[in-house]
Every structure is written in structure tokens, then in C-alpha cells.
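The values are calculated or read from the model by the stated rules, or taken from the named source; none is laboratory data. The structure presented is a predicted model; accordingly, all values stated were derived computationally and were not measured. Heads up, the Cβs are rebuilt from the backbone with ideal geometry, glycines too, and the neighbour counts pull from every protein chain shown. The area values use the complete protein model at the heavy-atom level, side chains included, leaving out ligands, DNA and RNA. Shrake-Rupley method; radii C 1.70, N 1.55, O 1.52, S 1.80 Å.
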Amino acid sequence: MYEVSDIRKGLRIEIDGIPYQIIDFQFVKPGKGNAFTRTKLRNMINLNVLDKTFKTGEKLKPADVEEHEMVFLYQESQTYHFMSNATYEQVELNSDFIGEASRYLQENMTAAIAFFNSKPIAITLPNFVVLEVIETTPGEKGNTVTGATKPAILSTKYELHVPLFINQGDHLRIDTRTGEYIERVKLKE
């Protein structure tokens, strides 16, 4: 059990059977009355943010959340198959769970999967991935100052807008947190 004095950013606690992560806190000692701690908690399942106050001396239950590095093996219909490099245990996750992460998943990519009471609750991809452009209109040289963009389809079937100088076959660094194009990458041969 945690004490209220153990509260810090990133601490994971369980409230009413749901795992929360502390994203901000403030210790308050009023002139009269007992001290308390105000917190902002993020629900680790649906990502909602909750404000909660804890009195000094309260006990907090640690959340049974574990993160495992897992490798994406393949997709079969609406099911995504992952394997742990440490234990070789395989996990099947449905497309609703994967959500927007499916835009960036490539075979043999490592992702962090969080488990609460042995049940997967979240997937975290690397911040940046490199994907190949498989379809776009031909590039235009010299037209880079205007900031104009055009649609491009990447190797994972994700469509995004890229600068006009991007061509089919180029490899692009994409930010998985925002879904935005970052830069063109030259692969080492």
C-alpha cells in the first residue's frame, strides 16, 4: 500500500478496480485543518482525466499494471498477433483495441503493451516510424516554399498529406503521436 506522502508523477494506483496514473499533484497545508494532496489522475483504460483529493494518512492501492515489450508478428483479418521476446508468449488483440496504432504497425515492430490484472489495456508505439510511400502523384521540384501538400498512401495503407516533392518509393519518418510527416529518410544500403 502507498501512503499519500508517496504520491509522485507517474505513480500508478487503483481506485474502484480501475488503474490510474498520477499526471500532476499539489500538496496543500491550509492554515486551519489537516493537510491534503490534490491530484490529476489519468484513467489508464479510457484515458479520461479525474481530479481527486487525498487526505494525509490515507492509503492508496498500487495498480497491478505491467508493461511488456512485444513484437508485432502479423495481422489476420481483424486480429493482430504480438509475441514477447522474453517469454515467447503470444497475445492476440482485436482491431478495436489497436485503434489508430494500426496506421503505423509493421511486421517485427516492437511495441509496449500494458496489462492490468493480466488483461491488455493499452498499446504504446515508438514515437517515430519510417514508412514507404506506395502511391502519390509525381513530385514537383522547387515548389517547397509554398507549404502546399498532396495526399500519399504509405505501406501500412495510411493516407496523409506530404510536401509536393515527395515521390512514390520515398521513405518518410512519421510521428506516431500526431500522425504527421516529419522528414524524408534515406535508407542505408
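Within the stretch 15-33, how many residues turn out to be more than 30 Å from I98 (Cα to Cα), touching a strand residue (DSSP E or B) at 6+ places or on another chain (Cβ under 6 Å) and open to solvent by 50 Å² or more (accessible area, probe 1.4 Å)?
From the stretch 15-33, those more than 30 Å from I98 (Cα to Cα) are 25-33; that's our starting set.
If we keep only those that are touching a strand residue (DSSP E or B) at 6+ places or on another chain (Cβ under 6 Å) too, we end up with 25-28.
Right, trim to open to solvent by 50 Å² or more (accessible area, probe 1.4 Å) and you get 25-27.
So the count comes out to 3.
Looking at the stretch 35-51, I want the residues that are exposed (fewer than 15 other Cβ atoms within 10 Å of the Cβ) and have a partner that is of a type in the set (A, V, I, L, M, F, W, C) and in a strand (DSSP E or B) with Cβ atoms under 6 Å, at least 6 apart or on another chain. Which pairs are those?
These pairs meet every condition: I45/I121; L50/L41.
Please specify each residue of the stretch 67-79 satisfying the condition of being farther than 10 Å from I113 by Cβ and either more than 16 Å from the chain's Cα centre (by Cα) or open to solvent by 90 Å² or more (accessible area, probe 1.4 Å) (or both).
L73, Y74, Q75, E76, S77, Q78, T79
Show me the strands (runs of 3 or more DSSP E) found entirely inside the stretch 107-187 where at least 1 residues are among the hydroxyl-bearing types (S, T, Y). Steps first, answer last, please.
Numbers: elements: 110-116, 119-124, 128-136, 149-154, 159-163, 171-175, 180-185.
By residue number, 110-116, 119-124, 128-136, 149-154, 180-185.
Output yes when any residue across the stretch 145-166 is among the hydroxyl-bearing types (S, T, Y), surrounded by fewer than 17 Cβ atoms within 10 Å (Cβ to Cβ) and without any contact (Cβ under 8 Å) to a residue 40 or more places away in the chain, and no when none is.
yes
If we keep just the residues of the stretch 179-189 that are over 19 Å from A148 (Cα atoms) and not basic (K, R), which is surrounded by the fewest Cβ atoms within 10 Å (Cβ to Cβ)? Talk me through it step by step, then tell me what you get.
Applying the first criterion (over 19 Å from A148 (Cα atoms)) to the stretch 179-189 yields 185-189.
Now narrow it down to the ones that are not basic (K, R): 185, 187, 189.
Numbers: V185: 14, L187: 8, E189: 3.
Only one residue fits best here, namely E189.
If you scan the stretch 83-106, which residues turn out to be open to solvent by less than 80 Å² (accessible area, probe 1.4 Å), part of a loop (DSSP other than H, G, I, E, B) and either of a type in the set (F, W, Y) or without any contact (Cβ under 8 Å) to a residue 40 or more places away in the chain (or both)?
Y104
Test of understanding: among T56, T79, which residue is in contact with an Asp or Glu (Cβ under 6 Å, 6 or more places away or on another chain) and of a type outside the set (D, E, K, R)?
Values: T56 fails: in contact with an Asp or Glu (Cβ under 6 Å, 6 or more places away or on another chain).
Criteria check complete, one pass: T79.
Identify all residues within the stretch 118-140 that are of a type in the set (A, V, I, L, M, F, W, C), open to solvent by less than 50 Å² (accessible area, probe 1.4 Å) and without any contact (Cβ under 8 Å) to a residue 40 or more places away in the chain; write none if there are none. Spell out how you get there, then give the answer.
So the first thing to find is which residues in the stretch 118-140 are of a type in the set (A, V, I, L, M, F, W, C), and the list is 121-123, 125, 128-131, 133-134.
Remaining after also requiring open to solvent by less than 50 Å² (accessible area, probe 1.4 Å): 121-123, 125, 129-131, 133.
Result: I123, V133.
Quick check on this structure: which one of E100, E107 is closer than 21 Å to H171 by Cα, out of contact with any Cys (no Cβ under 9 Å at 6 or more places or on another chain), acidic (D, E) and at pLDDT 90 or above?
E107
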